[in-house]
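Beneath this line is the structure, given in C-alpha cells, with notes to follow.
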Amino acid sequence: MKQKGLRANLISGTAAIIFGIWVWFQADKFPEDPTITLNSDFFPKVLVLGLIAASLSMMLIAYMSEKGEQFDSISLRKPAMQRVVLILAATMIYALVMKPLSFILGGMLYLFAVTFVLGNRKWKQMLLVSVIAPIVVFYIFKNVLGITLPMGILKFILR
Amino acid sequence: MDGLLQSFAAVTQPDVILAIFIGVAGGTVLGALPGLTATMGVALLVPFTFGMDLINSMGMLLGIFLGAMYGGSIPAILIRTPGTPAAAATAMDGYPMGQRGEAGRALSMSLISSVSGSFIGVAVMIFLSPQISKFALKFSSAEFFSLAVFGLSIIIAISGNSISKGLMAAFFGLLLSTIGSDPINGLPRFIFGRMELYEGPPFIPTLIGLFAVSEVLAGAEKIISAKKINAKVDRILPARKDFIKCFPTIIKSGLIGCFIGAIPGAGGDIAAFVAYGEAKRSSKTPEDFGHGAIEGVAAPEAANNGCAGGAMIPLLSLGVPGDAVTAILLGALTMQGLQPGPLMYLEHLPDVHNIFAAMIVGCFCVFIVGALGMKVFARVISIDKKLLLPCIMILSLVGSYSMRNNIVDVYITIIFGIIGYLFQKYHYPLSPILLALILGPMAERNLRRYLVISSGNFDFIYTRPICTVLLLAAVASLIISLLNQRKITRNLAKAEAEGRYRDEFGSDEAPR
C-alpha cells in the first residue's frame, strides 16, 4: 500500500518538476523590455521555484511517511478506467465533428454512445433521450438564449 | 437605503423574478444531485447568462448559489449522501431522523434554517460590505498583493489533506494565470502563436473543464445505481415547538456561516462543520448529536446558507472571492463590464444595490421553491446517472462553445477536464487552481507595480501594518493547518496501534 502511494506521489511530483523546468526555459525566451527592471519572466520564474520547492517537499514527506496514501491505480485493465477512456475519446470525436456534422446529429450519436458505455441497456429510453435532448437544447439556445449552435450539414433545415 | 429601495423596484420586475426563480429551482436540483456542486452549476450556467442584463444574470446566478446550498441537504437527509460538500454535516443528524420516520421534520427544519441563514448572511453583507470597501479604498498595490497571498494561503490550508499538494496546485494555477499578455508591458507570454490565448486562458471554459468535465469523468468511473427513496416527505413547515427550540441555534449558526464565508477561500463546508460543533458544544443534550438531534440539522443548514451572503462581502468590497462560487461570480461580473472591488461602490453603486436586492428576493424564492418542490426534489435523487452524466457533458461543451462561438474553447475545456480528473486521482485539490487563476493577475500586477515604485525594495512586508498582518495571517494559516494534519495523522496511527494491540493480545489496555 505504501509503495503504491509513494510511487504515485513520486510520479506526480516528478511530472510537476519537469513541467516547471520546461516553463523556466520557455520564460527565458520572452522578449525583454529595456525600460523596466522586472521583466515578463520575473513572476513565472518565481512561481516555478515555488512549484519545484513544493514538489520536492511533497515527495520527501511521502517518502518519510510511515503510512502511504491510498490510491486507486490508473490501469487500463480495469473496466472503470476503460469507461473513462472511451468517454474521453467519444468527447474528443464529438468536439471534432460538432461543427461539420452539426450539434444535433453529433449530440445524438454522442449521447447514445456514452449511455451505452456507461452500461445502460434500456434501448427505448436511450433512443428517446439521445434524440430529444440535443433538439431541445438546440431550440432553447437558439430561440431563448439567442445563441446558434453549429448547424453543420443540417444548416438548410435549421435556418 | 433609498438606493436599495429603488433597486427593489427594479428587481421585482417579472423577468427578474423569473430569472431568480429559475436560478433557485435549478440550483436546488443541482444541489440535490450527489456529485453535482453549486460550483459546477454556476460554472455551467454563466455562459448562458452572458446575453442577459446584469440584474437578470446576477439574479439567476445568485439564485443557483442559494438554491444549491439548500438542495444539498435533501439527499443528505434521505440517503446519507450530501448533495454538496456543505451538506456533509447535515447528514450526521438528518439521516438518523429520516431512519426513524422523521424525514419530513428534518427536511422542513432544513428549509427554514436555510432561508433564515440566507437572510442573516445577506443582511450582514448589506451592512458590512460598504464599510469594508471604504476601508479598502486606502489600500495600495502592496496591500492588494498581500490580500491575494492571504486569500491563496487560506484556500491552500483548507483544501485536501496535504499542504504541499495544495501549494503545488496553487503554483500551477498561478502559472496558468501568467498565460496571455504581461499586465505591465503587454508582451505576450506562453501563447505559442495562438491569439485566442492573448487575454489569458479563457476563464469559463477552463472552469467548466476543471469542475464539471472532471466530475463527469470521475462519476463515469464510479458509476453506481440510483437509490430508490422510500421516506415520507410529509411537511413543509417545522412544528412550532421545533422552531422555538432551534431559533437561537439558527441565529448563531447563520452569523458563524456569514463570518466564515467572509474569509477569502473559506466555504460552506467549513462553516457548516464549525456551526455544528458549536451547536453541539452549547447544547444541553450534546449526547443526542449524531443520533438525530433537530439542532444538528438546523445549525449546518443555517451556516452554509449564511456563508453565501458572507462570501459576497470580500467579493464586492475587495474584489477577492470568498469561495469557489464567488470566484465564478467575479468572472461573471467582469463579463458584464463590472470590476468588483472598492471602486465598485463609487462608480456602480446602483448595480451593487441591485445585487443586494436580488439576494433578498432570492431568499424568498428559496422558501417558495423548497416548499412547493420538496417532494419533487426528493425524487430527483433517483435520476439515473447513466443518463445524467452524458447530458452534463453536452451542456459543458455547449457552455464553453457559446462563450466566443469558438471550437478552441471546447478543446480547452476537454484538456482541463483531463487535468482536473488526473488532479483528483492523485489527490490534488482543485480549488487553489481556481482561486489562483483569479488572484494570480492581481498579485503579479500589484507586486510589480510596488517594486517599480520602491525600486525593488520589499520593505512593505514590515513597514505597512496591513500588509504585515495579512502576510503573518497567511503564514499562520499554513502552519496551523500543517500542525492539525500532523495531529490527525498521529491520532489515526495511535488508534490503529491500539486496535492492533487489542487484536494481538485480546486486551483493552492501551499500549504505552
Exclusive hit being free of Cβ contacts under 8 Å to residues at least 40 places away in the same chain and within 27 Å of B:LEU176 (Cβ to Cβ), set B:LEU451, B:LEU447, B:LEU395, B:LEU434: B:LEU451
Among residues belonging to the range B:194-205 that are surrounded by fewer than 13 Cβ atoms within 10 Å (Cβ to Cβ) and assigned to a loop (DSSP other than H, G, I, E, B), point out the one that is nearest to the other protein chains (Cβ to nearest Cβ). B:ARG194
B:ALA279 vs. criteria touching a residue at least 24 places away in the same chain (Cβ under 8 Å), surrounded by 24 or more Cβ atoms within 10 Å (Cβ to Cβ) and farther than 30 Å from B:ILE438 by Cβ: yes
Qualifying residue in the range B:30-41 (condition: small (Gly, Ala, Ser), assigned to a helix (DSSP H, G or I) and without any contact (Cβ under 8 Å) to a residue 12 or more places away in the chain): no
Restricting to the range B:152-193, count the residues that are more than 8 Å from chain A (Cβ to nearest Cβ), over 21 Å from the mean Cα position of the chain (by Cα) and not in a loop (DSSP other than H, G, I, E, B). 4
Take B:VAL366 and decide whether it is under 26 Å from B:MET52 (Cα atoms), more than 14 Å from chain A (Cβ to nearest Cβ) and either buried (at least 21 other Cβ atoms within 10 Å of the Cβ) or among the aromatic types (Phe, Trp, Tyr) (or both). yes
With the condition being within 22 Å of the chain's Cα centre (by Cα) and within 11 Å of another protein chain (Cβ to nearest Cβ), I'd like the helices (runs of 4 or more DSSP H) fully within the range B:375-489 carrying at least 3 qualifying residues. B:385-404, B:407-425, B:431-453
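Here is a yes/no grid of residues against (1) farther than 30 Å from B:VAL408 by Cβ; (2) in the same structural domain as A:LEU154 (by TED's automatic domain parsing); (3) of a type in the set (Gly, Ala, Ser); (4) surrounded by fewer than 16 Cβ atoms within 10 Å (Cβ to Cβ):
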{"residue": "A:ARG7", "(1), (2), (3), (4)": "yes, no, no, yes"}
{"residue": "A:ILE11", "(1), (2), (3), (4)": "no, no, no, yes"}
{"residue": "A:PRO34", "(1), (2), (3), (4)": "yes, no, no, yes"}
{"residue": "A:SER40", "(1), (2), (3), (4)": "no, no, yes, no"}
{"residue": "A:GLY50", "(1), (2), (3), (4)": "no, no, yes, no"}
{"residue": "A:LEU56", "(1), (2), (3), (4)": "yes, no, no, yes"}
Taking A:SER75, is it at positive phi and more than 9 Å from every other protein chain (Cβ to nearest Cβ)? no
Out of B:ALA148, B:ALA86, B:ALA106, sole residue that is surrounded by 24 or more Cβ atoms within 10 Å (Cβ to Cβ), touching a Gly at 6+ places or on another chain (Cβ under 6 Å) and within 19 Å of B:PHE259 (Cα to Cα): B:ALA86
Could you tell me whether B:SER153 is free of Cβ contacts under 8 Å to residues at least 24 places away in the same chain and out of contact with any Cys (no Cβ under 8 Å at 6 or more places or on another chain)? no
So, restricting to helices (runs of 4 or more DSSP H) that lie completely within the range A:80-159, which ones have at least 3 residues that are at pLDDT below 90? A:123-139, A:155-158
Could you check how many residues of the range B:27-60 are more than 27 Å from B:MET109 (Cβ to Cβ) and within 13 Å of the chain's Cα centre (by Cα)? 1
Of everything in the range B:176-193 that's touching a residue at least 60 places away in the same chain (Cβ under 8 Å) and in contact with a Pro (Cβ under 7 Å, 6 or more places away or on another chain), which residue is surrounded by the most Cβ atoms within 10 Å (Cβ to Cβ)? B:SER177
Among the residues of the range A:83-141, which ones are more than 10 Å from chain B (Cβ to nearest Cβ) and of a type in the set (S, T, N, Q)? A:SER102
Any chance you could count how many residues in the range B:238-262 are crowded, with 24+ Cβ neighbours inside 10 Å and under 26 Å from B:ALA327 (Cα atoms)? 8
Output the number of residues of the range B:308-345 satisfying the condition of being β-branched (Val, Ile, Thr) and within 11 Å of the chain's Cα centre (by Cα). 3
Listed residues B:LEU61, B:LEU66, B:LEU44, B:LEU18; which is at pLDDT below 80 and either in a helix (DSSP H, G or I) or within 21 Å of B:GLU215 (Cα to Cα) (or both)? B:LEU44
Residues of the range A:33-72 classified as more than 7 Å from every other protein chain (Cβ to nearest Cβ), at pLDDT 85 or above, under 27 Å from the mean Cα position of the chain (by Cα) and over 20 Å from B:ILE179 (Cβ atoms), total: 4
When (1) closer than 17 Å to B:LEU388 by Cβ; (2) surrounded by fewer than 12 Cβ atoms within 10 Å (Cβ to Cβ) are applied to A:GLN125, the one that fails is (2)
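The values are calculated or read from the model by the stated rules, or taken from the named source; none is laboratory data. These numbers come from a predicted model, not from an experiment. Positions of Cβ are backbone-derived with ideal geometry, glycine not excepted, and every protein chain shown enters the neighbour counts.
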